[in-house]
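*Asks:* Mind looking over this structure? Questions follow.
The values are calculated or read from the model by the stated rules, or taken from the named source; none is laboratory data. All values derive from a computational prediction rather than experimental measurement. Neighbour counts are summed over all protein chains in view; Cβ atoms, including those assigned to glycine, are modelled from backbone coordinates with ideal geometry.
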Amino acid sequence: MPRTRLLHPGFFSNEVLARLPATTRLLFAGLWLIADREGRLEDRPARIQMAVLPYERHFNTDKALQNLADCGFVTRYGDAEQKWLQVNRFTRYQHPHPREAESVIPPPPEQAAEQAALGATASFNVSAHARRHADALPQREQAAQQLAEPVAQQAAEATPRRGRAGLDPDPVIDPVAGTPASSGSSRSGDSSADLPGPRSPRTPLDRDTRDRARAREPTGVVPPLAAHEGDQVVDGKGIVWQRENGRMVVAPAT
């Protein structure tokens, strides 16, 4: 199926292409429309003529394709059973749609050999990088071990050990009694001795104490300063304010 392609301005100024007949140059541009995304198509002159030049009945398409091949614009390859045609430098000037189907036609032998050489070079570079990484791995592990040894030694020196200079490690504080826990219970294997006991329930405040505490909480709205030191003022919420040291504070409960 013909596709939309780009027409490069160099098509009209190419001196080698200009030596060919005008119909041959038109045939060359038509090949771009029926080639796949890699610039390849079946080398079938009669079918190509019906797709590109349907009204040129007396035109020799096979000869025109050979002229294009002799000038280096296309490459004709294949065997006796199947023949293909490659538009040279097709991907340099054309930008196929990303959703266009991949080519199912094999590349020319020269192009296939070039791609194989590039693939071998890429795989060799990857293998060389892997070898260098593998050679440097023991050195990295040795350097990491050298850096970790001083840290481990400092941590070991900072940790108190039993029997060093007759000192025991820091005692474990009993969370209930607030005293050091005895080491005998831990050595005996009784784990229940080290467990904290149940917490004593909090004694709730009675309502009068809670109301008095709330009454002493400032509301954030301080009344105007009283005239004399010690004078008291009751605000809208019933809180008694008293002047002390030149400022208003909540009066103590009586």
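*Asks:* Considering region 37-75 alone, what residues qualify as being crowded, with 16+ Cβ neighbours inside 10 Å, free of Cβ contacts under 8 Å to residues at least 24 places away in the same chain and under 15 Å from Leu20 (Cβ atoms)?
*Replies:* Ala69
*Asks:* Could you tell me whether any residue of region 81-96 is within 21 Å of Pro9 (Cα to Cα), modelled with pLDDT under 95, assigned to a loop (DSSP other than H, G, I, E, B) and in contact with a helix residue (DSSP H, G or I) (Cβ under 7 Å, 6 or more places away or on another chain)?
*Replies:* Yes - at least one qualifying residue is present in region 81-96.
*Asks:* Find all pairs meeting these conditions: Cβ atoms under 9 angstrom apart; at least six residues apart or on different chains; first residue within region 18-34 and within 12 Å of Phe73 (Cα to Cα); second residue among the acidic types (Asp, Glu) and surrounded by fewer than 19 Cβ atoms within 10 Å (Cβ to Cβ).
*Replies:* Close Cβ pairs satisfying both conditions: Leu27/Glu56.
*Asks:* Name every residue in region 24-60 that is assigned to a helix (DSSP H, G or I) and among the aromatic types (Phe, Trp, Tyr), in order of residue number.
*Replies:* Phe28, Trp32
Residues checked against (1) surrounded by fewer than 19 Cβ atoms within 10 Å (Cβ to Cβ); (2) in contact with a helix residue (DSSP H, G or I) (Cβ under 9 Å, 6 or more places away or on another chain); (3) of a type outside the set (A, V, I, L, M); (4) within 20 Å of Pro98 (Cβ to Cβ):
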{"position": "Arg3", "(1), (2), (3), (4)": "yes, yes, yes, yes"}
{"position": "Gly10", "(1), (2), (3), (4)": "yes, yes, yes, no"}
{"position": "Glu15", "(1), (2), (3), (4)": "yes, no, yes, no"}
{"position": "Thr23", "(1), (2), (3), (4)": "yes, yes, yes, no"}
{"position": "Leu26", "(1), (2), (3), (4)": "yes, yes, no, no"}
{"position": "Leu31", "(1), (2), (3), (4)": "no, yes, no, no"}
{"position": "Ala35", "(1), (2), (3), (4)": "no, yes, no, yes"}
